[in-house]
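Heads up: the structure comes next, in structure tokens.
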Amino acid sequence: MSDAAKMIGTAIAIGLGAIGPGIGIGIIGGKAVEALGRNPEAESSIRTAMILAIAFAEAVAIYALVVSLIIKFT
Amino acid sequence: MPEISIKAETIVSLFGFHLSNSILLSFFGIIFILILGILYKKQAASSKKNGIFYLLQLLMKSLYSIFKSILGDHINFFFPLMSAFFVWVLVQNWLGLLPGVGSLLIAVTENGHTLHIPLFRGNNADINATLAIALISVSIVQISGVKFLGFFTYIKKFVDFSNPINFFVGILELVSEFSKIISFAFRLFGNIFAGEVLMAIIAFLIPVFAPFPFLLLEIFVGFIQALVFSMLTSVFISMAITKHH
């Protein structure tokens, strides 16, 4: 019984946890490309800011993944 | 079904200190970085420099230009630390991808029964290691803030009695510093450990040809996480040492 609950918990944790960061990274990428189109000279600073912002957004997905791994393996 | 454990297993216990498989692999990383440093230093003095010197110099110049755009004038003070974070995290991430890591097993007797545990494990797939460098990073941010701004100017960021709103903002800033430690530790741990689990499962499901693109993905993720760790540290340092208003 607890095995079944563990499996469901694992799947739900990462499944719901990846929705927000997925949308967030898409928005960040879109805005970065838009800014690049308006000002191609600032390419390197736009790229640096974009990578930093994507790392922050992805970290939230990683937190969800770590929770799901903890549920599955303990 | 491959044996995956979220905790780095101890191989041997010396005088109460548990030597785990991730620490064992990190020793190789330390020796590798030491050898690279010694080679670089020796080549810098000679007139005919070989390829390794130019490769390392290319890496260091790119890192210097990246951190210079974030840190500005204080780059010379912080560059050794930022590049050390980058090189350490990169080498430890990539060492975890070598063949034999996670697959070579060793028999260990524990309380009577023998278990087979991997002899090596990626260093950053161990939460202890990532927590350690996260603590170092956030401590360095606080220390540089105090060093460059003075103790009372820096503390004013957290403890501000001028205004009830500023008081709560100060408390939030304090909580956010602690959440940075957790965030650093879990970002690096989650990326690398999830990569290891992914590769183990894919190699178990489709052993032929399928693990190759995931190996490339893990190489890329290892590089990006090293870059993100050091860039985030430098951004926090630059936020801590700039005077406000």
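Each reported figure results from applying straightforward, stated rules to the coordinates on display, with no laboratory input. Everything numeric in this text was worked out from a predicted model, so none of it was measured. Note that we place each Cβ from the backbone using ideal geometry, even for glycine, and neighbour counts take in every protein chain shown.
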Handout entry: Total formal charge among the other residues, if their Cβ is under 15 angstrom from that of residue B:74, Lys/Arg +1 and Asp/Glu -1
Key = +2
Handout entry: Magnitude of the charge dipole, region B:10-241, Cβ model with Lys/Arg +1 and Asp/Glu -1, debye to 20
Key = 820 debye
Handout entry: Among B:63, B:216, B:14, residue whose mean-square fluctuation peaks in a GNM of chain B (springs only between Cα atoms under 10 Å)
Key = B:14
Exercise for the section: Calculate the length of the line joining the C-alpha centroid of region B:1-27 to that of region B:174-222, in whole Å. Expected result: 18 Å
Handout entry: HN-Hα J in Hz across region B:13-28 - Karplus 6.51, -1.76, 1.60, θ = phi - 60°, x for Gly and Pro
Key = 10, 9, 6, x, 8, 8, 7, 9, 5, 6, 5, 4, 5, 5, 4, 4
Handout entry: Gain on full stretching of the segment that runs from residue B:18 to residue B:143 - 0.36 nm per residue minus C-alpha separation
Key = 41.9 nm
Fill in the blank from the handout: Per the C-alpha gyration tensor (a ≥ b ≥ c, the square roots of its eigenvalues), region B:1-75 is rounded if a/c is under 1.5, else prolate if a/b beats b/c, else oblate; here it's prolate
Practice task
Please give, to one decimal in nm, the separation of the simple spin-label points placed at residue B:219 and residue B:50, each 7 Å out from Cα toward the Cβ.
Solution key: 2.3 nm
Exercise for the section: Can you tell me the FRET efficiency between residue A:35 and residue B:110 if r is taken as the Cβ-Cβ distance and R0 is 51 Å, rounded to the nearest 0.05? Expected result: 0.35
Handout entry: Pairs of Cα atoms farther than 17 Å apart, region B:80-151, %
Key = 61 percent
Exercise for the section: Could you state the orientation-averaged shadow area of the convex hull built on the Cα atoms of the protein assembly as shown, in nm² to one decimal? Expected result: 23.3 nm²
Problem - Integer Hz, Karplus 6.51/-1.76/1.60 couplings in order for region A:58-66, x for Gly and Pro - result: 5, 4, 5, 5, 5, 4, 4, 5, 5
Practice task
Mind ranking B:191-197, A:13-19, B:33-39 by how tightly packed they are, going by the mean number of other C-beta atoms within 10 angstrom, highest first?
Solution key: B:191-197, A:13-19, B:33-39
Practice task
Among B:223, B:209, B:168, determine the one that fluctuates most according to a GNM of chain B built with springs between C-alpha atoms less than 10 Å apart.
Solution key: B:209
Practice task
Below 26 Å Cα-Cα, how many Lys pairs turn up in chain B? Only count pairs eight or more apart in sequence, or on different chains, if you could.
Solution key: 20
Handout entry: Sum of -39500 (n - 2.57) over DSSP H runs of 4+, divided by residues of the protein assembly as shown (222 nm, nearest 500)
Key = -26000 deg cm²/dmol
Practice task
Compute from the Cα atoms of chain B the Rg and the Dmax, the latter being the longest Cα-Cα distance, and quote both in angstrom.
Solution key: 21.3, 66
Fill in the blank from the handout: Distance in Å, no decimals, from the C-alpha centre of region B:57-109 to the one of chain A is 23 Å
Problem - Cα gyration tensor shape for region B:30-145, rounded if a/c is under 1.5, else prolate or oblate - result: oblate
Exercise for the section: Using only the alpha carbons, work out the radius of gyration and Dmax of region A:2-73 in angstrom. Expected result: 16.6, 57
